[in-house]
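What follows is a short report on a single structure.
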Amino acid sequence: MSARPAELESEIRRLTRQRDAQPADTLYALTHQQRIDELSVELIAWQLDGARMRAAEHAIRAAARRRHRAHTGRRRWPAVAGGSGLLGTVATAGHLAANAGGPPLIGGTLLGVAAVALALTALDRARDARELAAAATDMDAAQDQYAAVVASHADAIAPARPLPIHNQETSCASPQPPATSPSNAISTTPASVAAIAGPRPSA
């Protein structure tokens, strides 16, 4: 179950309180109203087309996890390479300092392990780069799908005339008709959205 609808409802209520604290014919109130309308459309998409919204959200999260893994990388082989290289160098130096006969088998073996681990690290880095590119592509596709599902419900908010902005330097010759709030003109929406983005609440 996605927590996104609850987040949207909470954000819409918060923005509605901020909008209602301002005069209705200011740019500040209009900006808040536009954001309320955007979130209301997204909430309507969740309520009317939940399966597709959940699928798109799941795809976004899956791509984000793959991208995080690719950024983090694989830590096993670099640690093996570092530890084996250090121990091999110490063992080889000790063998040479002791003037022991024969090749430094222990040190040589450890240095060989370090070389193999470095090669595997390079392969992992190349794989991480490919996974990062694939995750970025998947992320873009998932976000586009999410936005497309939301946009398909944009007609649930009826178009409205922008709120007039007061110009204190210019006197109004005639009274202006009241502006229509976009979220007050929801045509086919669930009751919860209409309540959230409805008329200004009374004190």
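The values are calculated or read from the model by the stated rules, or taken from the named source; none is laboratory data. Since the model is a prediction, treat every value here as computed from it, not as a measurement. All Cβ positions, even for glycine, are placed from backbone atoms using ideal geometry, and neighbour counts span all protein chains on display. Only protein heavy atoms, including side chains, enter the accessible area calculation; ligands, DNA and RNA are left aside. Shrake-Rupley method; radii C 1.70, N 1.55, O 1.52, S 1.80 Å.
Considering the conditions (1) at pLDDT 85 or above; (2) of a type in the set (Gly, Ala, Ser); (3) at positive phi, GLY73 is excluded by exactly one of them, (1).
Does LEU132 fit the bill of being assigned to a helix (DSSP H, G or I), hydrophobic (A, V, I, L, M, F, W, C), open to solvent by less than 60 Å² (accessible area, probe 1.4 Å) and in contact with a Ser or Thr (Cβ under 6 Å, 6 or more places away or on another chain)? Give the steps one after another, and end with the answer.
Working: assigned to a helix (DSSP H, G or I): yes; hydrophobic (A, V, I, L, M, F, W, C): yes; open to solvent by less than 60 Å² (accessible area, probe 1.4 Å): yes; in contact with a Ser or Thr (Cβ under 6 Å, 6 or more places away or on another chain): no.
Judged against the criteria, LEU132 is not a match.
Report, by residue number, each residue of segment 25-46 that is touching a helix residue (DSSP H, G or I) at 6+ places or on another chain (Cβ under 7 Å) and in contact (Cβ under 8 Å) with a residue 60 or more places away in the chain.
The first filter runs over segment 25-46 and keeps only residues touching a helix residue (DSSP H, G or I) at 6+ places or on another chain (Cβ under 7 Å), leaving 29, 32-33, 35-37, 39-46.
Within segment 25-46, ALA29, GLN33, ILE36, ASP37, SER40, VAL41, GLU42, LEU43, ILE44, ALA45 qualify.
The single condition among (1) open to solvent by 20 Å² or more (accessible area, probe 1.4 Å); (2) in contact (Cβ under 8 Å) with a residue 24 or more places away in the chain; (3) not β-branched (Val, Ile, Thr) that LEU15 does not meet is (1).
Yes or no, residue by residue, for (1) exposed (fewer than 13 other Cβ atoms within 10 Å of the Cβ); (2) aliphatic (A, V, I, L, M); (3) part of a helix (DSSP H, G or I); (4) touching a strand residue (DSSP E or B) at 6+ places or on another chain (Cβ under 7 Å):
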site	(1), (2), (3), (4)
THR92	no, no, yes, no
ASN99	yes, no, no, no
PRO103	yes, no, no, no
GLY108	no, no, yes, no
LEU111	no, yes, yes, no
ALA117	no, yes, yes, no
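Report whether or not ALA21 is within 22 Å of the chain's Cα centre (by Cα) and exposed (fewer than 15 other Cβ atoms within 10 Å of the Cβ).
Numbers: within 22 Å of the chain's Cα centre (by Cα): no; exposed (fewer than 15 other Cβ atoms within 10 Å of the Cβ): yes.
No: the conditions fail for ALA21.
Out of the residues in segment 1-24 meeting the condition of being of a type in the set (S, T, N, Q) and in a helix (DSSP H, G or I), tell me which one is farthest from ALA151 (Cα to Cα). Residue satisfying both the conditions and the ranking: GLN18.
Of all the residues that make up segment 25-76, how many are open to solvent by less than 70 Å² (accessible area, probe 1.4 Å) and outside any helix (DSSP H, G or I)? Qualifying residue count, segment 25-76: 4.
Taking ALA81, is it under 18 Å from the mean Cα position of the chain (by Cα) and surrounded by 14 or more Cβ atoms within 10 Å (Cβ to Cβ)? Taking the combined requirement at face value, the residue does not satisfy it.
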